[in-house]
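Peer 1: One structure, as structure tokens, below. Some questions next.
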Amino acid sequence: MDKTQRSAPASSSGRIEQRIEIGDTVNELYAAPCDRCGSHLAYKLIRTSGASLSVFAISEEDCRNLDAYVTKLHASFKVDVVTKLVCLQDLIQELNSNGYFEAPGMHPARVRLIDRARLICNRLSKNGVLRRFFDEADNDEDDITAAFLLGCLATEVFWLRFPEDAVFEGYAHIEGRKAGRPLARAARRTPDLSHSRRICAIHLRI
Ligand SMILES: [Zn+2]
């Protein structure tokens, strides 16, 4: 582990509790009231590296042993399969809340994308395969879960290889607007561009 920084535990929600850097990855622990029931704290570990962002819902026990959790995570380089699936399922459910697909204002291509995902989810849910992605989220020894992982990794590599600069420029726009400064320049001066990404991530309902 190259570098470990500890922030004083924050009592308010959605604040960074702890930050651990390993090589070019930054791992940050957030605690916020559970998005589903609001009756307890939920912990999220957000791993960033360049434009790559992964979110892992972690237990209280893992929070207490965060060094060990992050070391293990870094060694396995686990993919946040569960977060990605939950995010997709939540969106599908949201758009079908009235019993039929409803997405006013959404671009047709996006509707088709989500609806195709919905049909695949339905099929894989019926034959029990979907459950395996949750239960064995990072198993690359199993052909089915490994195929899913490969899809996630290929998408990640695509984004890092081609539009990473554009992604950063986009965040720079957001940061610049928020700060009321010229956009790109503001972001270039700020070494940590991950604020907006983290804000997006901590609002994920996981
Ligand atoms: Zn809850």
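Bear in mind these aren't lab numbers, they're just calculated from the coordinates by the rules spelled out. For clarity, every value in this text was computed on a predicted model and none was experimentally measured. Neighbour counts are summed over all protein chains in view; Cβ atoms, including those assigned to glycine, are modelled from backbone coordinates with ideal geometry.
Peer 1: Those residues that are within 16 Å of the ligand (Cβ to nearest atom) and surrounded by 19 or more Cβ atoms within 10 Å (Cβ to Cβ), I need them from segment 13-42; list them, please.
Peer 2: Once the filter is applied, which keeps residues that are within 16 Å of the ligand (Cβ to nearest atom) and surrounded by 19 or more Cβ atoms within 10 Å (Cβ to Cβ), segment 13-42 yields TYR30, ALA31, ALA42.
Peer 1: Here's something else I'd like to know. Could you grab me the full set of residues in segment 59-88 that are within 16 Å of the ligand (Cβ to nearest atom) and either in contact with a Lys or Arg (Cβ under 7 Å, 6 or more places away or on another chain) or of a type in the set (A, V, I, L, M, F, W, C) (or both)?
Peer 2: Correct list: CYS63, VAL82, VAL86.
Peer 1: Can you tell me which residue is nearest to SER76 (Cα to Cα) among those in segment 108-156 that are of a type in the set (Lys, Arg) and surrounded by 13 or more Cβ atoms within 10 Å (Cβ to Cβ)?
Peer 2: In this case the residue turns out to be ARG132.
Peer 1: Scan segment 59-70 residue by residue and report those that are surrounded by fewer than 16 Cβ atoms within 10 Å (Cβ to Cβ) and free of Cβ contacts under 8 Å to residues at least 60 places away in the same chain.
Peer 2: SER59, GLU60, GLU61, ARG64, ASN65, ALA68
Peer 1: Can I ask one more? Tally time: how many residues in segment 43-58 are without any contact (Cβ under 8 Å) to a residue 60 or more places away in the chain and more than 13 Å from the ligand (Cβ to nearest atom)?
Peer 2: 6
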